[in-house]
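Please treat every number below as a calculation from the coordinates, not as lab data. Not measured: the values here are computed from a predicted model. In this analysis, Cβ positions are derived from the backbone assuming ideal geometry, glycine residues included, and neighbour counts consider all displayed protein chains.
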Amino acid sequence: MLRVIIDGQARECAPGTVLEALESLGISIPALCDDTRLTPVGACRTCIVEVEGCERPVAACTTPLAEGMMVRTRSPQVEARRRVLLRLLASEYPAEAVARHPDKPFHRALREYGLADEALGTHRPESLDDSHPYIHVDMSQCIHCYRCVRICDDVQGQFVWRVWDRGAATRILPDGPSLRESSCVSCGACVDSCPTGALEDRTLLDRGSPEAWTRTTCSYCGVGCEMDVGTREGRIVTVRPSREGPSNRGHLCSKGRYAFDFVTAPDRVTVPLLREAGGWRRASWDEALGFIAERLRRLRDAHGPDTVGMLGSARATNEENYLAQKLARVVLGTNNVDCCARVCHAPSAAGLKRMLGTGASTNSFEDVEHARTLLVAGSNATECHPVVGARIKQAALRGAKLIVIDSRRTELARHADVHLRPRPGTDVPLLNALAQVIVAEGLCAPDFLRERVDAVEDFQAFIRDWTPERAARLCEVDAEELRKAARLYATHGPSMMVHGLGMTEHVQGTETVMALVNLALLTGNLGGPGMGVNPLRGQNNVQGAAHMGCEPGQLTGYVPLEEHRTRFEAAWGAPLPSTPGLDLMQMMEAARGGRLKALWAFGYDVLLTNPGAHTTRQALERLELLVVQDLFLNETAKALGHVFLPACTSFEKDGTFMNGERRVQRVRASLPPAGESLPDWEILCRAARALGHPEGFAFTSPEGIWDEVRRVWPMGAGLAYARLEHGGLQWPCPDEAHPGTRVLHTHGFALGPRAALRRIGYTPSPEARSEDYPFVLMTGRRLYAFNAGTMTSRTPNVRLQPGDWLDMAPADAQRLGLEDGARVRVRSRHGQAVLPMHRAEGLRPGELFTTFHTAETLINAVIGPHQDPYTHTPDYKVTAVRVERVE
C-alpha cells in the first residue's frame with residue numbers, strides 16, 4: 001500500500017493511478033473520457049487534480065500514484081478549470097437531454113457545477129439514427145470523449161465507430177450508412193461506455209430508468225458472463241455487463257445484453273396444460289402432476305422402470321439438473337437420464353477424461369491473455385462465444401500468434417497467422433500431421449515427456465507415417481502450411497487450444513479431441529498459464545448439466561456410476577438402479593422400437609434439435625407419455641406432448657450455473673415468476689411428492705439443494721453460496737478454505753501422475769459426396785440466434801437475423817444460376833429442407849453452411865444417423881446433399 005495525502009487527509013491506497021485511488025476512497029470527480037476497461041488517455045481533462053510539486057494540474061486518470069504524494073481534488077484553481085471545460089462542452093449541448101437523463105455522468109457533472117442551464121443546444125435531426133433495433137443514436141449529444149471509438153476498438157475489436165474531420169468539424173460515425181448497416185455486432189459496449197446518451201439503449205428510452213438492479217449470470221452460451229439486470233415495474237428495462245465478472249470483464253454480446261424480451265413474449269405459457277382430443281386445456285398443478293404420477297406408475301408397473309427416460313436441461317441450473325437425475329434414479333428407478341451435452345460436447349468430456357482423467361477445460365478464459373500462441377479449432381468463436389472470441393481477437397491484435405483450423409474462413413481466420421482449412425470430417429489426419437512434424441523435427445518437450453507422459457515410443461512409431469503430404473491429400477490443405485502451424489504451436493509457447501463443435505460433432509469427435517490432447521502432451525502445453533485444451537461449451541449450463549449427473553453412466557461430479565454406487569446409495573438412502581441407462585440417442589431408438597414408453601424433457605426441444613427429425617418424430621409418436629417442461633410450447637410439445645409444465649426463466653429464479661472454464665456462478669431472480677410458472681427445482685420436488693417420494697426432495701430453496709450437491713461431490717465441497725457471491729469459483733474446490741483451481745494438471749493428472757499418448761487412426765465419414773449429392777453441408781450457429789431459437793426468436797434479434805439461410809460459395813451459386821435470396825431445396829439421402837440461399841465468400845466450392853434455429857426450415861430433417869461410437873454424438877458437420885432451385 002502507498003501512503004498519500006488527499007485533500008489534507010492521510011490515506012493508504014493500492015498502487016495505480018490517482019483516479020483509481022480516488023474511486024477506491026469514494027471520492028468522486030468528473031472523468032468523462034475514462035472507462036476502467038480502457039487504457040487512460042487523459043483527453044477530456046475533467047479529472048484534473050493538483051499534485052504537490054507539479055507546475056500545473058494533471059489528469060488523475062493518467063497520473064500514477066506515488067508514495068508520499070499530496071493531491072488536491074477541489075482547489076479553487078482546479079474547480080475553475082473544470083467549470084471552463086464543462087461550460088465549453090455544454091455550450092452546444094441539447095438542454096432537454098440533461099433533463100431527460102439526469103443520471104448520465106456528463107449531466108451529473110453539469111448539475112454539480114451549476115451549468116445545466118448553459119446547455120443551450122438542440123437536437124439535430126441529421127444526427128439521429130434509429131435504424132438499429134436496440135441502439136438509439138443521437139450525435140447531437142456527442143461531446144467527443146471518444147469512449148465509443150476506443151471501447152469498440154480495444155474491447156470488441158470491431159472498429160465500427162470512426163472519427164471524421166478535425167476541430168469543430170469533428171464527427172463520429174459508424175462505418176456504414178447507418179448503424180444497422182455497419183459492421184456493428186450489437187454488443188452494446190459503446191452504449192455502456194457513453195457518458196451522455198448520444199448512444200442509448202432503446203429499451204431505456206421506451207420503458208424508463210431501472211428502479212432496481214440484480215446481479216446474475218447470462219443464460220445463453222457457456223462463457224458465463226456476469227451481468228446486472230435493471231428492472232422497473234416488474235419488467236426488465238436494460239442489462240449491463242458486470243465490471244467485476246471474471247469471465248467477461250465488463251463486456252457482453254448482443255444476446256446477453258439485449259435478447260431478454262422472451263421473458264414477456266405473448267406466447268409464453270404460464271399455466272400447466274393437459275392435451276385432450278380437442279387440444280390443450282388448462283390444468284392445475286395438482287391435476288397435471290397427478291396425471292403424470294398416475295401414468296408413470298401404470299407404465300412402470302406394466303413394463304418396468306427402464307421404459308421411462310428423463311432429459312435434463314443446459315438452460316436449467318445445477319440444482320435443477322441434480323434433482324432431475326436424482327428423481328430419475330431414486331424415484332423413477334432408471335438410469336435413463338441424459339442432457340443435450342450428448343449432441344454437442346460429450347466427445348470433449350469423453351476425450352479429455354480418457355486422456356487426462358477430467359472431462360473439462362484444463363484452463364481459464366484469462367489464460368487467453370497469457371498465451372503467446374492460440375490455436376482455435378472448429379470454433380467460430382466471435383459468433384458463437386462472442387465475448388471470448390473478442391478476447392482472442394484482441395490477443396491476436398496485440399501480437400499473439402493465431403492458428404485457426406476451420407473449413408470456413410471465419411472472422412478469426414482473417415486475423416490468423418495460419419489458417420488450415422481441412423475438408424469437413426478430416427480433422428484427425430490434420431492433427432496427426434501436426435504431431436508428425438513435431439516429432440520428426442524434434443520439437444517435443446523432452447523433460448515433460450520424460451516426467452509425465454507414457455507410450456511415447458509407440459506413438460512416435462505410429463505417427464511416423466502421418467506426414468504432412470499424406471494428410472494434405474486427405475484434407476486438401478497445403479503441406480507446408482501444416483508444417484508452419486506445427487512449428488508455431490510447438491515453439492512459440494505457451495500455446496493454448498480452444499475448440500468447438502466443429503471438432504466434436506463428427507463420427508470421430510472423441511478421437512479428434514484426443515488428437516488435440518496428443519499435441520498438448522507432446523509439447524508440454526499442459527499444467528500452466530496460457531496453455532491447455534479448452535472446449536468452448538455451447539449452452540450456459542451444459543457443463544453443469546452433465547456434471548450434476550445427467551448422463552446415464554455418470555453421477556454427480558461426473559464420476560462413474562458403478563465405482564461410486566455405494567457412496568451415493570448411502571447419501572441418498574436408496575438403492576440405485578442396476579440396469580445400465582440409455583443416453584438420448586439410445587432412448588430415441590428404444591422409443592421407435594416400443595421399448596421406451598415415457599419421456600420427461602425439460603428445457604430441451606428434442607424434435608427441433610435432434611438429427612433425423614423424421615425418425616425423432618416417429619420415436620416420440622410411439623411414447624405413451626411425453627412430458628414437456630419449458631417456457632413455451634416448443635416443437636416437441638406442439639407436435640406430440642401430453643403434458644406441459646410451465647417453468648420460470650433464469651431471470652425469475654435463484655441457483656447456480658457452471659460455465660465452460662469450470663466456474664460455478666450465482667444466478668439470482670430479478671423478477672417474480674410469471675403467472676403460475678415455477679422454477680424447475682420446485683416442479684421436480686412437487687413431482688417427487690406426487691410420486692410418493694417426499695423424502696429426499698423436501699427442499700425449500702436452491703441453496704439447500706446445492707448444499708446436498710456439495711456433500712456428494714467432494715471436489716465441489718468448498719463452493720458454498722456465500723463464497724460464490726463475487727465472480728464464482730472454479731472447481732476443484734474441496735473445502736471452504738480453498739481458492740478454487742484456475743489450471744488443472746499442474747503436477748499430475750486426475751488419472752495419475754502420468755498420461756499416455758494415443759494412437760488414433762482415421763475413420764472417414766460414412767457421408768460421401770457423389771454425383772447425386774455433390775455438396776457437403778455443415779450446420780452451426782450464427783451471432784444473433786441461439787440454438788433452437790426458444791429465446792432469441794422472441795426478441796428483436798429476429799430483425800438482425802431473420803431465419804435460417806444457406807451459405808454457398810459464389811462459384812457454386814454462379815454455376816447453378818442462383819442469385820442471392822433464391823429459395824432452394826437442400827436434399828440429402830435422409831431428408832430435405834427449403835430455405836433461401838446467400839453467397840458467402842468464406843466457403844470453398846462444394847461446401848455449404850446453414851443454421852438450425854427455426855422450425856420453419858427444420859434443417860435437421862436433412863442430417864443423417866451417423867454417430868461418434870464412443871458417445872453417440874451425431875455428425876452434424878458432414879452431410880452429403882444436393883441443391884435445387886425451388887420454382
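From most to least packed by mean Cβ count within 10 Å, the peptides 756-764, 439-447 give 756-764, 439-447. For the stretch 571-582, putting each phi into the Karplus relation 6.51 cos²θ - 1.76 cosθ + 1.60 with θ = phi - 60° gives couplings of 5, 8, x, 7, x, 9, x, 8, 7, x, x, 9 Hz, in residue order, rounded to whole numbers and with x for Gly and Pro. Between the residues Cys44, Val84, Leu22, the greatest Cα displacement towards the positive end of the dipole of the stretch 2-89, with unit charges on the Cβ of Lys, Arg, Asp and Glu, is found for Val84.
With both labels modelled 7 Å from their Cα along Cα-to-Cβ, the Glu52 to Glu469 distance reads 7.7 nm. Take every Cα pair under 8 Å whose residues are at least 6 apart in sequence, average their separation, divide by the length of the chain, and the relative contact order is 13 percent.
Below 14 angstrom from the Cβ of Ile438, what's the summed charge of the other residues (Lys, Arg +1; Asp, Glu -1)? Mind showing how you got there, number by number?
Values: positive: Arg464, Arg483, Lys484, Arg487; negative: Glu441.
Residues near Ile438 contribute +3 overall.
Beta-bridge orientation, the stretch 775-885: approximately 65 percent antiparallel, per DSSP, counting only bridges with both partners inside. Only lysine pairs 8 or more places apart, or on different chains, with alpha-carbon atoms under 28 angstrom apart are counted in the chain, and they number 19. Electrostatic bookkeeping for Met791 treats Lys and Arg as +1 and Asp and Glu as -1; over the other residues with beta carbon under 14 Å from its beta carbon, the sum is +1. When the Cα atoms of the stretch 2-89 are aligned to their principal axes, the ranges along those axes come out at 36, 31, 23 Å in descending order.
Helix 346-356 and the long axis of the chain differ in direction by around 90°, with both axes built from C-alpha atoms. Taking Cα atoms only, the orientation of helix 509-523 departs from the longest principal axis of the chain by about 60 degrees.
The peptide list 825-831, 138-144, 271-277, put in order of mean Cβ contacts within 10 Å with the highest first, becomes 138-144, 825-831, 271-277.
Using Stokes-Einstein with the Kirkwood hydrodynamic radius over Cα pairs, what translational diffusion coefficient do you get for the stretch 97-263 at 10 °C and a viscosity of 1.306 mPa s, in µm²/s rounded to a whole number? Walk me through the numbers before you get to the answer.
Details: Rh = 16.7 Å.
Once the numbers are plugged in, D ends up at 95 µm²/s.
Taking every DSSP helix (H) stretch of at least 4 residues in the chain, weighting each as -39,500 (n - 2.57) and dividing the sum by the residue count yields a mean residue ellipticity at 222 nm of -8000 deg cm²/dmol.
Computed from Cα positions, the angle between helix 479-491 and the longest principal axis of the chain comes to roughly 70 degrees.
Of the peptides 586-597, 653-664, the ranking by mean beta-carbon count within 10 Å, highest at the top, reads 653-664, 586-597.
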